[in-house]
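Laboratory data are not the source of any read-out in this text; all were calculated from the coordinates shown. Note that the structure is predicted; figures quoted are calculated from it, not measured. Cβ coordinates were reconstructed from backbone atoms using ideal geometry, including for glycine residues, and neighbour counts include every protein chain displayed.
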């Protein structure tokens, strides 16, 4: 009864209600372009881009694989015969074949675009719910088994080999390769990051020093830093495997009428080293600059788009799917931001009971006038009793070039020592510019524990929401599968 009550509240929330209806109205945006998929209510989901710049994606509700040709702005759809719905991950190999996973059929399938033929491979573990998928330089197809608690490898000769993490019920989900060929993946249930060593084939789990709520998207940059998206929370994070150092960074807060948390899902490292991510709850596509620790976030014009996955083309533009709106979209990454938010200090040290003032300045990079609203995430103007830090703005709205306001920060007298990251953002309703402020609270002995500021109460609710909805959908898919014995045959 308790589970049903919680699940009912989840399904009645705006984010999840939105997944049942398409909207024809959308805001205009100079930064984001959208394209409606030919099949209505098709649920565009996983996405990748081939060597010619064509955009491939799954239609999870329609049993189709589709491709969009940006050159002439046309679509082509491949209908999968006798195939169940809930197509999940998708990737493209070096031979230009399209690989995708199916939760209903517990399989990995290849589409040959030249012939239109499909070849299916059954996962040995029953009800494994294969999720994300990628291919390596040796022709192997790797995939995560979310419910099977395994990593799968489909070899070029058609054999599937499975590897199990040392911890049971971890929920392997996101997957990526580093420059050495090691496989990294997220453990959504366990809240860990793991590595499958290419040489030893041993799995090593990395445990964060803080609660990590449902990590999903994962990528490794050129310096070997592992980046991840926290789908049960409000931000992205990184792990340095060499030093075992962890950090988390909050996105801008989503509109309160849309979601309590931004719920980042997919995450990619760009050619220029920036980190792109999809905000499932915030209805935005975000970019993080690791060197400057700054954010740029683009509002998706269609409301409640339910965007989870993204891919970047050779021009640097970022493509994404809108599961709820039956669209795909593209962020024009080269368009500069018309404004920036700056501060006079971003590294602050406080003793318990102390306060400090930060001068915030709005800088227009173009000759224009706009009203920019300021916000914090976590919003410590509200969450004072939980976090031990309090903040207030002299003014939350700026509209003139070089206009300034003050942000006042207090540390409570009983705050625990630690290192806290908060994100200060300014937005004009379509674009968010943000920067990370790091606050080091020291004890009377001058020590600061290495912890990070996170809205744990909201995060716990969010991760519970994520897990319950996933498990509800999985059980529903299993019941549907038991009622049908249809299976796609290789041909």
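Which of the three applies to the range 80-146, rounded, prolate or oblate, going by the alpha-carbon gyration tensor with a ≥ b ≥ c and a/c under 1.5 meaning rounded? Verdict is oblate for the range 80-146.
Spin-label model, residue 359/residue 28: points 7 Å from Cα along the beta carbon direction are separated by 3.8 nm.
Taking 0.36 nm per residue of separation and subtracting the current Cα-Cα distance, fully stretching the chain between residue 291 and residue 257 would add 9.0 nm.
Using 0.36 nm per residue of separation minus the Cα-Cα distance, give me the extension gain between residue 443 and residue 180 in nm, one decimal. Before the final figure, lay out each step's value.
Numbers: separation 263, 0.36 × 263 = 94.68 nm, distance 4.17 nm.
Roughly 90.5 nm would be gained on extension.
On the basis of the beta-carbon distance and an R0 of 41 Å, residue 40 and residue 169 show a calculated FRET efficiency of 0.65.
In terms of other Cβ atoms within 10 Å, 424, 111 run from fewest to most in the order 111, 424.
Could you tell me the calculated FRET efficiency between residue 240 and residue 199, based on Cβ-Cβ distance and R0 = 22 angstrom, to the nearest 0.05? Kindly include the intermediate steps, with their values, before the conclusion.
Values: r = 21 Å, r/R0 = 0.96.
Between residue 240 and residue 199 the formula returns 0.55.
Residue separation of residue 71 and residue 51 scaled by 0.36 nm, minus their Cα-Cα distance, works out to 5.8 nm of gained length.
Give me 73, 330 ranked fewest to most by other Cβ atoms within 10 Å of their Cβ, as a rough exposure proxy. If you can, show how the numbers build up before the last one.
Numbers: 73 9, 330 21.
The most exposed by this proxy come first: 73, 330.
Which shape class, rounded, prolate or oblate, goes with the range 339-452 when its Cα gyration tensor gives a ≥ b ≥ c as root eigenvalues, a/c under 1.5 marks rounded, and past that a/b bigger than b/c marks prolate? Judged from the Cα gyration tensor, the range 339-452 comes out prolate (a/c at least 1.5, a/b above b/c). Could you state the number of Å between the C-alpha centres of the range 84-125 and the range 142-178? When both Cα centres are located, 16 Å separates them. Extending 7 Å from the Cα toward the beta-carbon at both residue 94 and residue 347 defines two label points whose distance is 4.3 nm.
Could you put 360, 318, 419 in order, starting from the residue whose Cβ has the fewest other Cβ atoms within 10 Å?
419, 360, 318
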